[in-house]
Protein chains: 2
Amino acid sequence: MASQSIDRPGPAATRELSPVDGLAQLSFVIHRLLERRAAEHDLSIIQMRLLGVLRDRRPTMNELGRLLALDKSSVSGLVERAERRGLVARAPSPADGRAVLVSLTDHGRSLVSDVSSQFGADVFALLNRLSASDRRALSRLVSRLLVAHAADLEIDLFPSIDID
Amino acid sequence: MASQSIDRPGPAATRELSPVDGLAQLSFVIHRLLERRAAEHDLSIIQMRLLGVLRDRRPTMNELGRLLALDKSSVSGLVERAERRGLVARAPSPADGRAVLVSLTDHGRSLVSDVSSQFGADVFALLNRLSASDRRALSRLVSRLLVAHAADLEIDLFPSIDID
DNA sequence: TATTGTTATACTCTATAACTATA
DNA sequence: TATAGTTATAGAGTATAACAATA
């Protein structure tokens, strides 16, 4: 976890987190940035993920469950609450009489767009603490890591990247 | 968010995520690693954070609320459920008749230790996708970023680092 | 009076199980 | 029969408000 003791170099030396602790800490910081921005618009992380997934898809409830890794009953509740707020809309599938298609409303689209850009700005501001060359180096290393990780999981990282 | 289109370099070139998308993606990947390991022991992220915070502290309920950024009533419920599972113990404070001190039980300590080391191994395995020199460089950059960020927030990153 | 903590209440989020309607 | 979706129910997690006990 991020709670272990750290080796301390000399008193005045620049201290460095262990690689594991550093990544864990960073992940919490970024997660909290999104949580905070979403909360400003009364959105939970999962509501935000729902809207994010719908930005470039019009899935059935069933597909939504796979995309968000939720049980179909959880999806029913999640979509119901989002629909009540006017963020998404449900429509019967023309292709399958049992299925329901879920899509963003204009309001939902503008909301997810706002939160996304605010969150992006937060991350950008965080990255701005580094020099331009450090930033470029970090970005390259992170990409390399994610590409390798995605390959492991046989996930396509590029056609459309979501918060699933 | 992590759902924006990405600039695509040449067809065969090595693609790279935007800095913002890369960090966001990485943060989600790592968050999910912890979530999965904790779930294997029937722990939620917040229960895991509770145990993590208690590894080197014996706070009051009130302090716990500040450490975890939760309302005191939320802390009551959280600690109650953890206590029912035998993971933490409550004791009256000798110093203040109103206060309650919360600490890990042996079971709680061994549990948080297990999950932490499993999670650490997961992150290590992820990092292992990079060469040793890339890994070192990434670690250094991440540390630099977090140190700057902690300084902004006037947080002491080193005496004892937790998941708060 | 102010602070610490618990309890009552309400809502979100999640899963399991039972159900309806369609394929 | 199998699949898509909803509903009933139960529990974790969160917050607000009202309360009791102590400072």
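Does B:Gly77 satisfy the criteria of being surrounded by 13 or more Cβ atoms within 10 Å (Cβ to Cβ), on the phi < 0 side of the Ramachandran plot and not hydrophobic (A, V, I, L, M, F, W, C)? So B:Gly77 fails the test. I need the full set of residues from the range A:66-111 which are within 21 Å of A:His41 (Cα to Cα) and either free of Cβ contacts under 8 Å to residues at least 12 places away in the same chain or within 9 Å of DNA strand C (Cβ to nearest atom) (or both), in order please. The answer is A:Leu68, A:Val75, A:Gly77, A:Leu78, A:Glu80, A:Arg81, A:Ala82, A:Glu83, A:Arg84, A:Arg85, A:Asp106, A:Ser110. The condition of being more than 18 Å from the chain's Cα centre (by Cα), within 16 Å of DNA strand C (Cβ to nearest atom) and either modelled with pLDDT under 95 or over 30 Å from B:Gly52 (Cα atoms) (or both) holds for only one of A:Met61, A:Met1, that being A:Met61. Quick one: would you say B:Arg90 is more than 14 Å from chain A (Cβ to nearest Cβ), farther than 30 Å from A:Ala148 by Cβ and either among the hydrophobic types (A, V, I, L, M, F, W, C) or within 16 Å of DNA strand D (Cβ to nearest atom) (or both)? When the stated conditions are applied, B:Arg90 passes them.
Within the option set B:Leu43, B:Leu23, being within 15 Å of the chain's Cα centre (by Cα) and either farther than 19 Å from A:Ala69 by Cβ or within 11 Å of DNA strand D (Cβ to nearest atom) (or both) holds for one residue only, B:Leu43.
The values are calculated or read from the model by the stated rules, or taken from the named source; none is laboratory data. Computed from a predicted structure; not experimentally measured. When we count neighbours, we look across all protein chains shown, and the Cβ atoms used for this are built from the backbone with ideal geometry, even at glycine.
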